[in-house]
Amino acid sequence: QQQVKQSPQSLIVQKGGIPIINCAYENTAFDYFPWYQQFPGKGPALLIAIRPDVSEKKEGRFTISFNKSAKQFSLHIMDSQPGDSATYFCAATKGTGNQFYFGTGTSLTVIP
Amino acid sequence: ETGVTQSPTHLIKTRGQQVTLRCSSQSGHNTVSWYQQALGQGPQFIFQYYREEENGRGNFPPRFSGLQFPNYSSELNVNALELDDSALYLCASRGTSGRDTQYFGPGTRLTVL
């Protein structure tokens, strides 16, 4: 059973556009929601993370929006650049974070 | 670049063989987790080690086993390899500061023929 559901599977935007990637979860015990960026041949790298006590977090061009009642969270990339082309994973964990549950990933392509 | 290193980079084995993958944690990190990432999928948690003891395990059979050494480096062992074991195996280390400090290595690409 997929604990975290992610959509879309792939996304193509023009440079400067704002791609949005969505994730949904069921387990209300989750209390930490990170986003990871993965380039080919590399491991996932932490991009930004949020806890459920806030509805939005912004770091540079990356913003997480969090809707606790709907059990959904999303990643927005402002002013997207070709260098942002990568696969993005949402994840969730609880407590001390022994186990992270990942979404299935979104392949983002930013066209120059 | 994170301080987490993995070896080897690539590996090809045949069905039924055994394999050992290695991970060197980032300096100061005492917790290591292993994940399996099948092609086109998100990482799936295998298990976690803290101070040389397994303290969490995902839905993987016992033929997946591990070790953590006093210097916090780690090994993942897989016995009786199956075709479906072909995947990228990721190691992630974490410090005492908590979940925010989990860093992944570049992974080992295992192909089982």
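The values are calculated or read from the model by the stated rules, or taken from the named source; none is laboratory data. Model, not experiment: these values are computed from the prediction. Positions of Cβ are backbone-derived with ideal geometry, glycine not excepted, and every protein chain shown enters the neighbour counts.
Tell me which residues, restricted to region A:15-37, are more than 10 Å from every other protein chain (Cβ to nearest Cβ) and in a loop (DSSP other than H, G, I, E, B). A:K15, A:G16, A:G17, A:I18, A:P19, A:E26, A:N27, A:T28, A:A29, A:F30 - these are the residues of region A:15-37 that are more than 10 Å from every other protein chain (Cβ to nearest Cβ) and in a loop (DSSP other than H, G, I, E, B). Condition check for B:P62 on (1) touching a Cys at 6+ places or on another chain (Cβ under 9 Å); (2) farther than 17 Å from A:G43 by Cβ: one failure, at (1). When A:P40 is tested against (1) within 14 Å of chain B (Cβ to nearest Cβ); (2) over 30 Å from B:R109 (Cβ atoms), exactly one condition is not met: (2).
Residue check: B:T2 meets all listed conditions (1) out of contact with any Gly (no Cβ under 8 Å at 6 or more places or on another chain); (2) within 14 Å of chain A (Cβ to nearest Cβ); (3) in a loop (DSSP other than H, G, I, E, B); (4) modelled with pLDDT under 95 but one, namely (1). For region B:67-83, a residue qualifies if it is surrounded by fewer than 19 Cβ atoms within 10 Å (Cβ to Cβ) and within 14 Å of B:T14 (Cβ to Cβ), and the qualifying residues are B:N79, B:A80, B:E82, B:L83.
Of all the residues in region B:14-27, those that are part of a loop (DSSP other than H, G, I, E, B) and over 18 Å from B:V78 (Cβ atoms) number 3. Looking only at residues in region B:35-63 that are in contact with a Phe, Trp or Tyr (Cβ under 9 Å, 6 or more places away or on another chain) and in contact (Cβ under 8 Å) with a residue 24 or more places away in the chain, the one that is surrounded by the most Cβ atoms within 10 Å (Cβ to Cβ) is B:P43. None of A:Q3, A:Q72 is of a type outside the set (A, V, I, L, M, F, W, C), out of contact with any helix residue (DSSP H, G or I) (no Cβ under 8 Å at 6 or more places or on another chain) and modelled with pLDDT under 95 except A:Q3. Taking the numbered list (1) outside any strand (DSSP E or B); (2) surrounded by 13 or more Cβ atoms within 10 Å (Cβ to Cβ); (3) touching a residue at least 24 places away in the same chain (Cβ under 8 Å) in turn, B:L11 passes all entries but (1). Do the conditions hold for A:I12, that is, is it outside any loop (DSSP other than H, G, I, E, B) and either touching a His at 6+ places or on another chain (Cβ under 9 Å) or modelled with pLDDT under 95 (or both)? Against the criterion (outside any loop (DSSP other than H, G, I, E, B) and either touching a His at 6+ places or on another chain (Cβ under 9 Å) or modelled with pLDDT under 95 (or both)), A:I12 does not qualify. Screening region B:28-113 for strands (runs of 3 or more DSSP E) wholly inside it with 3 or more residues that are at the interface with another protein chain (Cβ under 9 Å from one of its Cβ atoms), at pLDDT below 95 and within 17 Å of A:A91 (Cα to Cα) returns no ranges.
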